[in-house]
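Written out below as structure tokens is the structure these notes cover.
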Amino acid sequence: MKHFHLVLVLSCLALAAMLPACHSNASNAGQDEKQLQKAAEQGDSEAVKLLRMAAEQGDVKAQFRLGKCYLTGDGVEKDMTEAAKWWRMAAEQGDVLAQYNLGVCYQNGDGVKEDLTEAVKWFRKAAEQGNAVAQFSLGICYLHGDGVEKDMAQAAKWWRMAADQGNVMAQYNLGLCYQRGEGVEQDYAEAVKWFRKVAEQDNEPAKETLKEQDD
């Protein structure tokens, strides 16, 4: 079985746009937040005003959704500073998607001054709540030493958590860790196990890796 030196998959970070259903406390709105979000996406500035009312009253989901409006320009001018502001409020209340998004903002310098230590802080908070994308992202930080000391054992640890939840990139990276003996004890059988999980999801790089492992 040949040993191939493969480049670890780099993080492709994107701001979370998932919108869990949650009813607004703004009773005069006459709609729940999901309906307001849809209206905002259609450019309804009045819907954004109602979201803002709920957000200003401390409604965490409204704060997250209002941040998304500023990200996408739905019903307001695009403004990453405002997006980061509202995500911070939601993140400080424990909203996992806001925590992840705020981490991305700090990593990329979007709406805030770039600060990799802060990025790691927020990725970790989201990762500790079980968010698979945040777990994968935190592993990438440990891979490159972005905001933390390089530590492949920590990278592999967080990728395993994400991989166990089905995150394809984490599964592939974990397979590479076992193939190369980085952060874990080298184990070709375990590497093949993770590559196979990825290949079963029709991932061409994983399929090619499995072919090379068999040569």
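Listed here are the residues, each with its yes/no results for (1) in contact with a Gly (Cβ under 8 Å, 6 or more places away or on another chain); (2) surrounded by fewer than 16 Cβ atoms within 10 Å (Cβ to Cβ).
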site: Ile140; (1), (2): no, no
site: Asp146; (1), (2): no, no
site: Trp158; (1), (2): yes, no
site: Ala163; (1), (2): no, no
site: Gly166; (1), (2): no, yes
site: Phe195; (1), (2): yes, no
site: Thr209; (1), (2): yes, no
Run down Glu77, Glu114, Glu82 and say which single residue is surrounded by fewer than 20 Cβ atoms within 10 Å (Cβ to Cβ), over 19 Å from Val133 (Cα atoms) and modelled with pLDDT under 95.
Glu77
State which residue is surrounded by the most Cβ atoms within 10 Å (Cβ to Cβ) when the search covers only region 85-107 and only residues that are among the polar types (S, T, N, Q) and in a helix (DSSP H, G or I).
Asn101
Here are some conditions: (1) hydrophobic (A, V, I, L, M, F, W, C); (2) loosely packed, with under 14 Cβ neighbours inside 10 Å; (3) within 27 Å of Thr117 (Cβ to Cβ); (4) over 22 Å from the mean Cα position of the chain (by Cα). Ala189 meets all but one. Which one does it not meet?
(3)
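The values are calculated or read from the model by the stated rules, or taken from the named source; none is laboratory data. It should be emphasised that the depicted structure is a prediction, and the values quoted were computed from it without experimental measurement. So basically every Cβ, Gly included, is an ideal-geometry build from the backbone, and we count neighbours across all protein chains shown.
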